[in-house]
Structures are given as C-alpha cells and as structure tokens.
Amino acid sequence: MREIIIIGSGPAGFTAAIYAARAGLSPLLLASSVQAGGELMNTTEVENFPGFPDGIQGPELMMKLQEQAEKFGTEVILDDVTSVDFTGEVKKVETGYSGTFEARSVIFATGSAYRKLGLPDEERLSGRGVSWCATCDGFFFKTKTIAVVGGGDSAMEEATFLTRFADKVYVVHRKDTLRASKIMQERAFANEKIEFVWNSEVVGISGENAVEGLTLKSTTDGSTSELPVQGLFVAIGNDPRVHLVHGQLDLTVDGTIAVAGRSSKTNLEGVFAAGDVVDPQYRQAVTAAASGTVAALDAEHFLAALDQVEDGETARVIADVVDELVAAD
Ligand SMILES: Cc1cc2nc3c(=O)[nH]c(=O)nc-3n(C[C@H](O)[C@H](O)[C@H](O)COP(=O)(O)OP(=O)(O)OC[C@H]3O[C@@H](n4cnc5c(N)ncnc54)[C@H](O)[C@@H]3O)c2cc1C
C-alpha cells in the first residue's frame, strides 16, 4: 500500500507532489490521460507566476513542475481516475487502464473547469484573444476593445476590472436584466467604458491568428450583427471537478470541496483537497500551488500521527506477549 496518492496534475497536484516526495513519502500522482498538466496547458504566456520575470509559456511551466516533482521521487501515471472509495482507512483509487491503487492518504486536486460557450473557434483562439480569466490576461488588452459574456457577479467584476486596461468593454448578455448583485450592477453601470449589449448571444468568433470580431444573434428576433473586438472574456461560470467524490466528500454552497478553515482537511480522515477544486474565489496558479503545499504538509502530519498510533499499538501487543510468556514461565 502507498503512503499517498495525488489525483490531478495542475499546479496544486505537482506542488503537493514536490513537498510529499521531499518528505520521503514516494507519492503516486495520477495525471489524467488527456488533460495532464491542468488548465495552464490551455494558455500561452503566464506573466504572474513568481520567479519568471520574462514570463513563461503555460505548458513549459507545467513541464518544469512535473520535472521537479519527479526529480524527488514522484511516480507520475498518465491515467484517469474513474472511481474512488475514500470512506475506509485504506483509500482506494480506480483508474481507467492501470488498475486500482491503495494508499493511507489522498490529495484530491482535480481543479475546476471554466464553462465554455461551445463555439467552434473558441478553443482555437484560446490564448489568442479568448480568455476565461481577467486577472490572468487583462494586462494583454491595454487600449483594446473587448467583450465580456455573462450576466452574473463574476462577469460584472471581470468587466469592471478590464476597464483598467481596455479602452472599451462590451458586456454581452442574453437577457435584458442581470443576475449580478445590485452593488456589482451599479458599479458596472456607472463605468463609462462599459457598454451593455442586451438580448444577445455570441454565436461566432472571427480572426485568423487572433480575435477580430464576434457574431451576435438577437435572442428576441434572431437577427445577427457583427461586433469588432480584439478580445473575448467568457464569464458564464465555473464547475469544480467533484463528480468522483459526490456522496463522500462534503461540498460548499459554491460546489467546491469543503475543507476545515485554512487547512486542506476534508470531512474524511486522510483525505485532503487542494487547488481550484476548493477555491471558489482566487483560482490562480500560484494560489493553487500554495494550496498544494498545505495539503502535502497536512498529509505528512496525518501520516506521522498514524505511525505514532500504530507504533504505540505494536509496542502494546509486544508488551502483552512478553507478559504472557513471563506468566507462562
Ligand atoms: C486559459 C487559462 C489561462 C490561465 N492563465 C493563468 C495565468 O496566466 N496565471 C495564473 O496564475 N492562472 C491562470 N489560469 C488559472 C490557473 O490555470 C488555475 O488556477 C490553476 O491551473 C489551478 O490549478 P489546479 O492544480 O487546482 O487545477 P488544474 O490546473 O485545473 O489541474 C487539475 C488537474 O486534475 C486533473 N484531473 C481532473 N480529473 C481527473 C481524473 N478523474 N483523473 C485524473 N486527473 C484528473 C486534470 O486533468 C488536471 O490535470 C488560467 C486558466 C485558464 C483556463
């Protein structure tokens, strides 16, 4: 049986692996077969990860994290976890092709997925004008004209934040009222750089190598129109990847895994969670990495405490046997 299994190969999973491996726990990291490396594999330049003053390409950063984790003894398997049983003392993790693994502890770091519009050119132009994260990419849109899709709090927050860089921000919304809280709406309405495009949905994104415009379709009469923009921020929600642990781990109202205070401890002993799957708010590579550190340290302390209990039990059993032998003499 393993000491620790880490599920997920984003910044949280690999950072947890670096710490666990350096603590001598020989972690097994299950990295997924098609999405290994996590969300940063979908982006180009990462300019806000500390330590890279000239920026670094997302996939290169993830390769470096993997290299660092493997250097200290992490075993990485490119396979998907298909089911888990975390309820007993022995944690069971079943994979698509590599069989079932068992461990005394688990770190769950499966991240979260930004909801997509589902348009054919969305993926192709991801990192080339299409983004899901204003904090990450806003800086690249200085003096540009851009659009934000969505009508909730996060869309208003992204739009307002983006006016720091862009000259003009359109908010495209399929209805004529917003879901966002009153205060967020008021802030957006008061911002002169923001213009609302009501009753409209984005049905096309144009541009060869970068976003050049959007095709909008009216939700009232079905007519279409073109909106020239150089950027599109999709802010229609985010889904933490928790389907594997439904019914086992407690969730928050945001749908993230519930952890105790600032720790990574879930409701089940020996099961820790880290990264975007526990974070409804910050969702940055560096916060995910920090959260991975917390999880590895929590797991290390848990295993050390378990060892002490087991050592104590072994000592008690030996003492009982010695007592019995002495009595038999
Ligand atoms: C386009 C884009 C650009 C971004 N740019 C930046 C940026 O510039 N700077 C920044 O700080 N942040 C950026 N972010 C946010 C950042 O990528 C995330 O906050 C960060 O990756 C979260 O790390 P994580 O380890 O929690 O999850 P993820 O990176 O999402 O990794 C989760 C991992 O779990 C794996 N997994 C899920 N289910 C299973 C399963 N069943 N079996 C095995 N593995 C599984 C996934 O395949 C993935 O490898 C960006 C995000 C996007 C989408």
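Computed values, structure above
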| quantity | calculated |
| --- | --- |
| Per-region count, the stretch 250-274, residues more than 17 Å from Tyr19 (Cα to Cα) and assigned to a loop (DSSP other than H, G, I, E, B) | 15 |
| Answer from Val202, Val277 - the residue that is under 15 Å from the mean Cα position of the chain (by Cα) and either within 16 Å of the ligand (Cβ to nearest atom) or assigned to a strand (DSSP E or B) (or both) | Val277 |
| Filter result for the condition that a residue is modelled with pLDDT of 95 or more and either in contact with an Asp or Glu (Cβ under 6 Å, 6 or more places away or on another chain) or within 28 Å of Leu117 (Cβ to Cβ) (or both), over Thr266, Thr252, Thr293 | Thr252 |
| Whichever residue in the stretch 96-107 is surrounded by 19 or more Cβ atoms within 10 Å (Cβ to Cβ) and under 22 Å from the mean Cα position of the chain (by Cα) and, among such residues, is nearest to Ala273 (Cα to Cα) | Ile107 |
| Residue list for the stretch 97-146, restricted to those being among the aromatic types (Phe, Trp, Tyr) and under 27 Å from Ala210 (Cβ atoms) | Tyr114, Trp132, Phe139, Phe140, Phe141 |
| Residue selected from the stretch 77-95 under the condition touching a residue at least 60 places away in the same chain (Cβ under 8 Å) and crowded, with 16+ Cβ neighbours inside 10 Å, by the criterion nearest to the ligand (Cβ to nearest atom) | Val81 |
| Test: residue in the stretch 113-131 that is surrounded by fewer than 20 Cβ atoms within 10 Å (Cβ to Cβ) and within 12 Å of Phe161 (Cα to Cα) | no |
| Any chance Val106 is in contact with a helix residue (DSSP H, G or I) (Cβ under 7 Å, 6 or more places away or on another chain) and either under 30 Å from Leu216 (Cα atoms) or touching a residue at least 60 places away in the same chain (Cβ under 8 Å) (or both) | no |
| Selected residue [farther than 24 Å from Ser131 by Cα and either exposed (fewer than 10 other Cβ atoms within 10 Å of the Cβ) or outside the structural domain of Pro27 (by TED's automatic domain parsing) (or both)] from Asp307, Asp323 | Asp323 |
| Within the stretch 19-40, tally of residues that are part of a helix (DSSP H, G or I) and either within 8 Å of the ligand (Cβ to nearest atom) or of a type in the set (D, E, K, R) (or both) | 4 |
| Scan of the stretch 43-76 for residues that are surrounded by fewer than 17 Cβ atoms within 10 Å (Cβ to Cβ), outside any loop (DSSP other than H, G, I, E, B) and within 10 Å of the ligand (Cβ to nearest atom), ordered by number | Glu45 |
| From Thr110, Thr160, residue being buried (at least 19 other Cβ atoms within 10 Å of the Cβ), outside any helix (DSSP H, G or I) and among the hydroxyl-bearing types (Ser, Thr, Tyr) | Thr110 |
| Counted residues, the stretch 187-231 - those being small (Gly, Ala, Ser) and under 20 Å from Ser131 (Cβ atoms) | 8 |
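The values are calculated or read from the model by the stated rules, or taken from the named source; none is laboratory data. Quick caveat: nothing in here was measured; it's all calculated off a predicted structure. Cβ coordinates were reconstructed from backbone atoms using ideal geometry, including for glycine residues, and neighbour counts include every protein chain displayed.
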